[in-house]
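The values are calculated or read from the model by the stated rules, or taken from the named source; none is laboratory data. Since the model is a prediction, treat every value here as computed from it, not as a measurement. Every residue, glycine among them, receives a Cβ derived from its backbone with ideal geometry; neighbour counts consider all protein chains shown. In case anyone asks, the SASA skips ligands and DNA or RNA and just uses the protein heavy atoms, side chains included. Shrake-Rupley method; radii C 1.70, N 1.55, O 1.52, S 1.80 Å.
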Amino acid sequence: MLAALLAPAAHADECLEQVWSGTIGTIPVTLDFSETGDSWHYRGRYHYRDNLAELYLAPDAQAGKWREYDAQGRQTGQLELRCAGGKTLTGVWRTPAGDKQLPLSAAPGQSDAERRIRNLKRQLSAPIAIGANSYRKVTSPGIKDFYSVTLQGDGAGIQALNQQLQEMVASNLGDIVECASLGIMRDGPGHPWKNTITTGIIAWTADIVVLSREYTGYCGGAHGYGEAGGETYAVATGKPEDLRGWFSGAWPIGSYHPGIPRRTLQELVWKEYEQINSECQAQVSFDRAWPTAEGVVFHPSANAYIDRPCEEDVLIKWQALAPFLSATGTQRMNGLRGPK
């Protein structure tokens, strides 16, 4: 009997555990009970129209009743919900004092997060020059942990890359907004999870665009994360450029092993890394590289989270790289270094 009495307060109605689309009064709403755990502070959330501001729901001691809170933990309403076989959701929304009420009606639906993010306002900066080219910085009002870029230019490759950047913007903004909301869902008001996602430009020549990408924060799990690096794209196509074509001989991406051939690019990269951190060769693998005006940065990733301090980038300057460059690599180097 005691378990039955406590169940409504401890667990959401299993019939509710999905996304619902409907109305409160005449205003469209989306309610989401799909992503919660037994230890989470709130057990549901909802929003009006495409509003990014979520309202959070906690089950009351009385079955079918819920308390509604804003992100700061202020009670903004109360709901009485009746779920019928997972097919219909009906009920009443009331003010906290109960002096005003509106009918609620909903049916099973789908997350509208993608549409809400795509409808977010974007702001573009004035053009910013980089060599002979220019770009605009992209921001979104109210979301401070984000920025991206859009390139100025009419070429097919630039337009294709801009399309990819637009898709990244939508994905990144969605991640930031959802991360914050889920933090409040799990840990309560004042505890939004936070991540920062930025995209900038490292270099832009007649042949390539090198973007900087950085992700830092915490969005649940055992620990936070932090990742930064560069991505290289061909101006002609807008597609990623494989830097292996810039070099002759063995490509240094991979793990350290004692049999690395002498006088090779592999040996050069690992020797440079040893000077930075001589204790970590077995704990990392080189997995990425991107070019700059000075040379090429080789990035090592730790094989385990505990070894993250070993992730120190290696910059090999163009003068040292010159003996290993292919004809394409020499052309790219000259473009990045600029006229002498």
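When you go through 236, 289, 320, 228 one by one, which is the residue that is touching a residue at least 24 places away in the same chain (Cβ under 8 Å), open to solvent by 40 Å² or more (accessible area, probe 1.4 Å), under 30 Å from residue 132 (Cβ atoms) and not in a helix (DSSP H, G or I)?
236
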Looking for something of a type in the set (D, E, K, R), open to solvent by less than 50 Å² (accessible area, probe 1.4 Å) and within 26 Å of residue 116 (Cβ to Cβ) - is there at least one such residue anywhere in region 66-80? yes
Only one residue in 171, 181 is assigned by the TED database to the domain that holds residue 231 and surrounded by fewer than 17 Cβ atoms within 10 Å (Cβ to Cβ). Which one? 171
Return a yes/no flag: does region 299-310 have any residue that is surrounded by 15 or more Cβ atoms within 10 Å (Cβ to Cβ), in a loop (DSSP other than H, G, I, E, B) and within 30 Å of the chain's Cα centre (by Cα). no
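From the list 161, 104, exactly one residue is of a type in the set (A, V, I, L, M), farther than 29 Å from residue 197 by Cα and crowded, with 17+ Cβ neighbours inside 10 Å. Which is it?
On the way: 161 fails: farther than 29 Å from residue 197 by Cα.
Unique residue meeting the criteria: 104.
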Is region 205-213 home to any residue that is open to solvent by 60 Å² or more (accessible area, probe 1.4 Å), touching a Gly at 6+ places or on another chain (Cβ under 7 Å) and under 22 Å from residue 332 (Cβ atoms)? yes
Strands (runs of 3 or more DSSP E) lying entirely in region 102-176 (those with 2 or more residues that are at pLDDT 95 or above and aromatic (Phe, Trp, Tyr)): 143-151
Output the number of the condition that residue 189 fails; it satisfies all remaining conditions of (1) surrounded by fewer than 17 Cβ atoms within 10 Å (Cβ to Cβ); (2) more than 9 Å from the chain's Cα centre (by Cα); (3) part of a helix (DSSP H, G or I). (3)
Out of all the residues in region 239-253, which are assigned to a loop (DSSP other than H, G, I, E, B) and of a type in the set (Phe, Trp, Tyr)? 251
Residue 104 is checked against (1) within 30 Å of residue 143 (Cα to Cα); (2) in contact with a Gly (Cβ under 8 Å, 6 or more places away or on another chain) and fails just one. What number does that condition carry? (1)
For region 164-191, which positions are of a type outside the set (Ser, Thr, Tyr) and more than 19 Å from residue 214 (Cα to Cα)? 182, 183, 184, 185, 186, 187, 188, 189, 190, 191
Scan region 256-281 residue by residue and report those that are open to solvent by 60 Å² or more (accessible area, probe 1.4 Å), more than 16 Å from residue 324 (Cα to Cα), outside any helix (DSSP H, G or I) and out of contact with any Phe, Trp or Tyr (no Cβ under 7 Å at 6 or more places or on another chain). 257, 258, 278, 279
Please find, within region 202-249, the residue that is modelled with the lowest pLDDT out of those that are under 29 Å from residue 264 (Cα atoms) and among the acidic types (Asp, Glu). 227
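May I ask you to say which residue of 42, 56 is in a loop (DSSP other than H, G, I, E, B), modelled with pLDDT of 90 or more, in contact with a strand residue (DSSP E or B) (Cβ under 9 Å, 6 or more places away or on another chain) and not β-branched (Val, Ile, Thr)?
After ruling out the rest, the residue left standing is 42.
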